[in-house]
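Engineer: The structure's right below; bear with me while I get my questions together.
Each value in this text was obtained by applying a stated rule to the coordinates, not by laboratory testing. Predicted model, so just to flag it, every value in this text is computed and none were measured. Please note: Cβ atoms are built from the backbone with ideal geometry, for glycine as well, and neighbour counts cover all protein chains shown.
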Amino acid sequence: MIDKKKILYVQTSGVDTPKRLYSPFVLAMTAKAMGIDATIYFLGSGVTVVKKGAAENVKEGSFPTVKEIINQAIAAGVKLSVCEQSCQLLGIERGEFIPEAKVVGAATLNDLVLDADGTMWF
Amino acid sequence: MTDANSPERADQTLDCIGLYCPMPVIRTNDEIDKLAVGETLEVLADDPAAEADLEAWAKRTGQKILEMGKTDEGTRFLIKKTK
């Protein structure tokens, strides 16, 4: 048994690229099952993934909708963070995100990166 | 009756045949959570990623894979809850 580890996943791809959206959620929920702390940070276009009502309409091939995968990840205890500046860039208001996604800033992302034992960028 | 060559009997069995990554790992972890320390879980899986993934899961969680062997359907794991 190894000490509790942390992995940070950063999603920079948005709802216009469904193929890039599944991996961080699948990896993060699997991390939780492995006893690893998991956070997904949505940056740039990535913030569109956690906009209310958006992921319900995103689906690739035979996979479930991205919203179903998000719900599974949330149920597994994966933490979701949204970049404040990216929201301003894309003109999305604070209240427009799913309630589980916490709006945070650049300092938080820098801190999360240094705090994590590993990061993955999508 | 079991003979001396039959695999060790498990306290619980989890059928993951037909399930793909990451479900065998997620389901295995959920089932292990329900067991008492010292009990064993048999996992049957045909996901080609299951062997490597369950080994990685066991390494990270500290659970012990007692047996891992090929069957007609895929792979059978016998896992002991150690903590």
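Engineer: With just the Cα atoms of region A:6-121, tell me how far they stretch along each of the three principal axes, in Å, largest first.
Structural biologist: That works out to 33, 33, 21 Å along the principal axes.
Engineer: Okay, moving on. What are the lysines whose alpha-carbon lies under 22 Å from the alpha-carbon of A:Lys67, with same-chain residues fewer than 8 places away excluded?
Structural biologist: Correct list for A:Lys67: A:Lys19, A:Lys32, A:Lys51, A:Lys52, A:Lys59, A:Lys79, A:Lys102.
Engineer: Could I ask something else about it? Could you list the residues of region A:13-27 with an amide nitrogen less than 19 Å from a label point located 7 Å from the Cα of A:Lys102 in the Cα-to-C-beta direction?
Structural biologist: A:25, by backbone N distance to the label point.
Engineer: Per DSSP H run of at least 4 residues, take -39500 (n - 2.57); add these up for the protein assembly as shown, divide by its residues and hand me the 222 nm value, nearest 500 deg cm²/dmol.
Structural biologist: Working: 6 runs with 63 residues, N = 205.
Counting only the DSSP helices, I get -9000 deg cm²/dmol.
Engineer: Suppose a student asked you for the relative contact order of chain A, using Cα pairs under 8 Å spaced at least 6 residues apart; what percent would you report?
Structural biologist: Details: 219 pairs, mean separation 41.5, N = 122.
Value for chain A: 34 percent.
Engineer: Sticking with this one: With only Lys, Arg, Asp and Glu charged, each at its Cβ (+1 for the first two, -1 for the last two), find how big the charge dipole of chain A is about the Cα centre; round to the nearest 20 debye.
Structural biologist: Numbers: 13 positive and 13 negative charges, 38 e Å.
So the magnitude is around 180 debye.
Engineer: In nm, what is the difference between 0.36 nm times the number of residues separating A:Arg94 and A:Asp111 and their Cα-Cα distance? Let's see the in-between values first.
Structural biologist: Numbers: separation 17, 0.36 × 17 = 6.12 nm, distance 2.16 nm.
Additional length available on full extension: 4.0 nm.
Engineer: All other residues with a Cβ under 13 Å from the Cβ of B:Leu66 taken together, and with Lys, Arg as +1 and Asp, Glu as -1, what is their net charge? Before the final figure, lay out each step's value.
Structural biologist: Details: positive: B:Arg9, B:Lys64, B:Arg76, B:Lys80, B:Lys81; negative: B:Glu8, B:Asp11, B:Glu39, B:Glu42, B:Glu55, B:Glu67.
In short, -1.
Engineer: Let me ask something else. Report Rg/Rh for chain B, rounded to two decimals, where Rg is the Cα radius of gyration and Rh the Kirkwood radius.
Structural biologist: Numbers: Rg = 11.9 Å, Rh = 12.7 Å.
My calculation of the ratio gives 0.94.
Engineer: Turning to a different aspect of this structure: In debye, nearest 20: dipole of region A:1-62 around its Cα centre with unit charges on the Cβ of K, R (+) and D, E (-)?
Structural biologist: Once rounded to the nearest 20, the dipole reads 80 debye.
Engineer: B:Ala52 versus B:Ile17, label points 7 Å from Cα toward the beta carbon: distance in nm?
Structural biologist: Here the modelled spin labels are 2.5 nm apart.
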